[in-house]
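Visitor: I am attaching a structure below and will ask some questions about it afterwards.
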Amino acid sequence: MENFDILFPDERQKHLGETTLRQAQLVMLRILKVVDYICRKHRISYWLCSGTLLGAVRHKGFIPWDDDLDISMMREDYERFLQVAKEELPDDIFLQTKENEKAYNYLTVPCKLRDTKSQLITPYLNRQKYHRGINIDVFPFDRFHRRGFKNKTDFLLKRYIRFICRFYDADIEKEGSAFKTFVSWFKPVFRLLLSAYLRMVRHTIDNNRQIPDKECIVGHGFDTPWIRKILLSDIFPLQEIIFEDRLFYAPANTDAYLKELYGDTYMTPPPKEQQTPPHKVIIKQMV
């Protein structure tokens, strides 16, 4: 087993003069380097996505005010990664899924890789009992029918899981919201609906693996609420792109990918007053 302390040393103590946000970004960067190493070793495909990809294209690294890091994998690679990561991740990186940690119940992100030497203090997550270290998010991507009735069926399922996530997670953000407080009383009902949905949609995920490349689009998996419609040819073959101090994998057509997520003006930064961390997180125990 590789010694990641030598390959990718934890240098957070060398950056005590940096802002807390920049320290957190460097912790996330190290996690990404470990993931990249494991994926290359086992020929598992992944790519930078969402704001992380935008940062790579627009800033050659993190968006200066961003406080998270996202990668995606096709379902088959995602499942292989979960198996490999259990054996290969170093002790200071925790693989967080609902299977590995029963208390983890945040539906929106099915997998996080957590730094065990820090803690995120997020206003609406402080009552949660699961690991809350600095993390990167890992999203599975599934195939969807590109057109026709089956396309409508696929995205009807996606809208259903969005509905479930919205109400299932209401208790996380219920403070200060009478509506979410009311909805949170019905969480046991939504838990049953979620379990039934995940059992049912597994069949769809497996069947959709057989959709020919030219007849499919891809996007965040059936078990996540995000709705994206991206051509497989805009992702593969992957290319390498500079992010901070290293090359990582990115979609083949970053322009098409980012336009789907952010529109035609993605290269234009937002106004100064909007350049703030999106998750309102306080980071503690940077030791």
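Visitor: Please verify whether Arg166 is exposed (fewer than 14 other Cβ atoms within 10 Å of the Cβ), more than 30 Å from His59 (Cα to Cα) and in contact (Cβ under 8 Å) with a residue 12 or more places away in the chain, treating the condition exactly as stated.
Guide: Details: exposed (fewer than 14 other Cβ atoms within 10 Å of the Cβ): no; more than 30 Å from His59 (Cα to Cα): yes; in contact (Cβ under 8 Å) with a residue 12 or more places away in the chain: yes.
Here the answer is no, as Arg166 does not meet what is asked.
Visitor: Out of the residues in segment 91-101 that are without any contact (Cβ under 8 Å) to a residue 60 or more places away in the chain and in a loop (DSSP other than H, G, I, E, B), which is surrounded by the fewest Cβ atoms within 10 Å (Cβ to Cβ)? Write out each step before concluding.
Guide: Initial filter on segment 91-101 (without any contact (Cβ under 8 Å) to a residue 60 or more places away in the chain): 91, 94-101.
With in a loop (DSSP other than H, G, I, E, B) added as a condition, the list becomes 91, 97-101.
Values: Asp91: 8, Thr97: 14, Lys98: 15, Glu99: 11, Asn100: 15, Glu101: 16.
Restricting to residues being without any contact (Cβ under 8 Å) to a residue 60 or more places away in the chain and in a loop (DSSP other than H, G, I, E, B), the top hit is Asp91.
Visitor: Being closer than 16 Å to Trp47 by Cβ and either modelled with pLDDT under 95 or in contact with a helix residue (DSSP H, G or I) (Cβ under 7 Å, 6 or more places away or on another chain) (or both) is true for just one of Leu232, Leu198, Leu247, Leu192. Which residue is that? So that I can check it myself, show each step before the final result.
Guide: Numbers: Leu198 fails: closer than 16 Å to Trp47 by Cβ; Leu247 fails: either modelled with pLDDT under 95 or in contact with a helix residue (DSSP H, G or I) (Cβ under 7 Å, 6 or more places away or on another chain) (or both); Leu192 fails: closer than 16 Å to Trp47 by Cβ.
Among Leu232, Leu198, Leu247, Leu192, only Leu232 is closer than 16 Å to Trp47 by Cβ and either modelled with pLDDT under 95 or in contact with a helix residue (DSSP H, G or I) (Cβ under 7 Å, 6 or more places away or on another chain) (or both).
Visitor: Which members of segment 1-15 meet the condition of being of a type in the set (D, E, K, R), touching a residue at least 24 places away in the same chain (Cβ under 8 Å) and not in a loop (DSSP other than H, G, I, E, B)? Even if it seems obvious, please write down each step before you answer.
Guide: The first filter runs over segment 1-15 and keeps only residues of a type in the set (D, E, K, R), leaving 2, 5, 10-12, 14.
Okay, now just the ones that are also touching a residue at least 24 places away in the same chain (Cβ under 8 Å), so 2, 5, 10, 12.
Selection gives Asp5, Arg12.
Visitor: Still on this structure, please answer the following. Looking at segment 16-36, is at least one residue farther than 26 Å from Lys117 by Cβ and touching a residue at least 60 places away in the same chain (Cβ under 8 Å)? Spell out how you get there, then give the answer.
Guide: So the first thing to find is which residues in segment 16-36 are farther than 26 Å from Lys117 by Cβ, and the list is none.
Within segment 16-36 (the criterion being farther than 26 Å from Lys117 by Cβ and touching a residue at least 60 places away in the same chain (Cβ under 8 Å)), the answer is no, since none of the residues qualifies.
Visitor: What tally of residues in segment 134-149 results from selecting those that are in a strand (DSSP E or B) and without any contact (Cβ under 8 Å) to a residue 60 or more places away in the chain? Reasoning before the result, please.
Guide: Let us first name the residues in segment 134-149 that are in a strand (DSSP E or B), namely 135-145.
Pick out the ones that are also without any contact (Cβ under 8 Å) to a residue 60 or more places away in the chain and you get none.
Qualifying residue count for the region: 0.
This table checks each residue for (1) of a type in the set (S, T, N, Q); (2) crowded, with 17+ Cβ neighbours inside 10 Å.
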| residue | (1), (2) |
| --- | --- |
| Val57 | no, yes |
| Lys60 | no, no |
| Pro64 | no, no |
| Asp67 | no, yes |
| Ile71 | no, yes |
| Gln83 | yes, no |
| Leu89 | no, yes |
| Asn105 | yes, yes |
| Lys112 | no, yes |
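Visitor: Ala250 - would you say it is open to solvent by less than 10 Å² (accessible area, probe 1.4 Å), in contact with a strand residue (DSSP E or B) (Cβ under 8 Å, 6 or more places away or on another chain) and under 30 Å from Met28 (Cα atoms)?
Guide: Yes, satisfied.
Visitor: Which ones in segment 253-276 are of a type outside the set (D, E, K, R), surrounded by fewer than 14 Cβ atoms within 10 Å (Cβ to Cβ) and in a helix (DSSP H, G or I)?
Guide: Gln274
Visitor: Looking at Ile31, Ile71 in this structure, which one is among the β-branched types (Val, Ile, Thr), part of a strand (DSSP E or B) and modelled with pLDDT of 95 or more? Quick ask: steps written out before the conclusion?
Guide: On the way: Ile31 fails: part of a strand (DSSP E or B).
Selected residue: Ile71, the only one of Ile31, Ile71 that is among the β-branched types (Val, Ile, Thr), part of a strand (DSSP E or B) and modelled with pLDDT of 95 or more.
The values are calculated or read from the model by the stated rules, or taken from the named source; none is laboratory data. Note that the structure is a prediction, hence the values are computed from the model and not measured. Cβ: placed from backbone, ideal geometry, glycine included. Neighbour counts: every protein chain shown. Quick note on the areas: whole protein, heavy atoms, side chains included, nothing else; ligands and nucleic acids left out. Shrake-Rupley method; radii C 1.70, N 1.55, O 1.52, S 1.80 Å.
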